[in-house]
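I have placed the structure first, in the form of structure tokens, so that the comments after it can refer back to it.
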Amino acid sequence: MGFGTICALATATIVLVLLLIFKKPIEDSINTNGTQNSYLLWNSTKITVAGYDNGTNAATPIGLDHPRGIFIDGNDNLYIADNFNNRVQFWSSNATAGTTVAGDPNGVSGWTNGKMYYPTFVYVDSSMNMYIIDNGNSRVLKWSPGASVGITIAGTTGINTNSTSSFGQAWTMAVDTSNSRIYLADLWYNRILVWSFFANDSSYIIPLTDIVGVTIDIGGNVYATTHNLNTVTRFPAGSTNGTVIISSGLSLPWALRFDQYGNLYVANTGSGTIVMFCAGFTANSTGSIVASGLDQPVDIAFDSQMNMYVCEYGKHRVVKLAKLP
């Protein structure tokens, strides 16, 4: 049994347009007759790949405690922002335990560059540098592979004021390594801070009430969720004026992610679902539920085979839903 959705029956012409827009290899989605596969389908069985299957929280190599964010690198390795354990855990593909790659392995919090306080998000670039929201310390850290400490690239340690040089409470961000900047979702002060790496101040601010999740598409357009308003707002690249493009079918949305084909996924903490919106969706589109029965899903990621991984905050684990043929 599985969940899925019909996204497109794209002709070869549309496939070419997608290639030009998203600049991603999509050969795997093209049939021999020149059309795109008509659906993406995932098994509804949830396989625990990190954390304890029974939902126990722990600061052990296997355990997690209220994980907030996940990322999968090009080698299908999994990184987890282990929020209450004040660390980032690394799980290689098919591993049976994790390894601490940032923060204290035993979950001890701190404000020095070798420790963290409630990390909420992790992103990994092609050089294996990690970018981590150290939320309790009000900073974003860049952590080089194998390093014992991180370097602050945004924010001011311990300062959470409503200013251009600090932020209040941030759960997610989008990292644009091509332009060396981040888009930081600051819930406390209802704004997205656009911040160049190592700059003293953010370069500009996008106002948005109740913001929680933020991501960008290949064109630099910004998409953000509002948690209690149950919407997704789109901001054209470089603009601070946005338009609500999704206003129904969401329930306390959190993170949102694009896949390699330009489909958008939204994690709904209220309904325990993942909702998918097909590439090229128009304003006020209704998405399709592609995963359900989740316990406070707060983040989504995909491996090279398009298997879906979901961070279950309420059950202290990360689960995998296998893509079906």
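At a glance:
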item: Hull volume in cubic angstrom per residue (convex hull over the Cα atoms of the chain); result: 119 Å³
item: Highest-fluctuation residue, ILE192, ILE300, ILE153 considered, GNM on the chain with Cα pairs under 10 Å; result: ILE153
item: Those chymotrypsin sites (Phe, Trp or Tyr not before Pro) in region 68-136 that DSSP places in a loop and that have at most 15 other beta carbons within 10 Å; result: TRP111
item: Sites matching chymotrypsin sites (Phe, Trp or Tyr not before Pro) across region 153-243 that sit in DSSP coil, with at most 15 neighbouring C-beta atoms within 10 Å; result: TRP188, PHE198
item: Region 280-295 and region 121-167: distance between their alpha carbon centers, rounded to Å; result: 31 Å
item: Partners for LYS315 among aspartates and glutamates (Cα-Cα distance below 14 Å; same-chain residues under 8 apart left out); result: ASP53, ASP65, ASP82, ASP295, ASP299
item: Of ASN179, VAL298, PHE90, farthest towards positive along the dipole that unit charges on Lys, Arg, Asp, Glu beta carbons give region 47-321; result: ASN179
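We did not get these values from a lab; they are worked out from the coordinates using the rules stated. Computed from a prediction, not measured in an experiment: that's the story for all the values here. Ideal geometry is used to build each Cβ from the backbone, glycine not excepted, and the neighbour counts take in all protein chains shown.
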